[in-house]
Amino acid sequence: MKKICIKMKLDINEIIKHASTKPYGFFPFYPGPGLGGHCIPIDPFYLSWKAAKAGVKTEFIELSGKINRSMPLWIFEQIKKYFKNNLKNKKCLIIGSFNNIKSKKIIQC
């Protein structure tokens, strides 16, 4: 979602703000630099594995996993772009939340 909004010059916070005018059944979810938890990045792959054993393709799950795995590098590229590719002596703190550090990639430069 963040990639789409950047390319289309849309402010995701404005979109969420306007969507929140719905009188019922709305909960805002804001994009961040990662995924967090198990429900989105990990749990669907249990279903995908079981489906593959039954001969069923789960292309949507596989595609979403590919997109999710690409996000840490994409965030890193955005940081490089912000610093005009000059990362020497630069410091950047990314604040986020996740439940399982073993499943997260760490990018060092």
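Read the figures in this text as sums done on the coordinates, not as results from a lab. If you're wondering where the values come from, they're calculated on a predicted model, not measured in any experiment. No Cβ is skipped: glycine too gets one built from the backbone with ideal geometry, and neighbour counts run over all protein chains shown.
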Around Lys90: net Lys/Arg minus Asp/Glu count, Cβ-Cβ under 11 Å: +4
For an R0 of 35 angstrom, estimate the FRET efficiency from the Cβ-Cβ distance between Trp49 and Lys3 and round to the nearest 0.05. 0.80
Taking a cut-off of 24 Å between Cα atoms, list the lysines near Lys57, but don't count ones fewer than 8 places away on the same chain. Lys66
Expected output is a single nm value to one decimal: the length gained when fully extending between Lys88 and Ile67, i.e. 0.36 nm times separation in residues minus the C-alpha distance. What is it? 4.7 nm
Formal net charge of residues neighbouring Tyr46 (Cβ-Cβ distance under 14 Å; K, R +1; D, E -1): 0
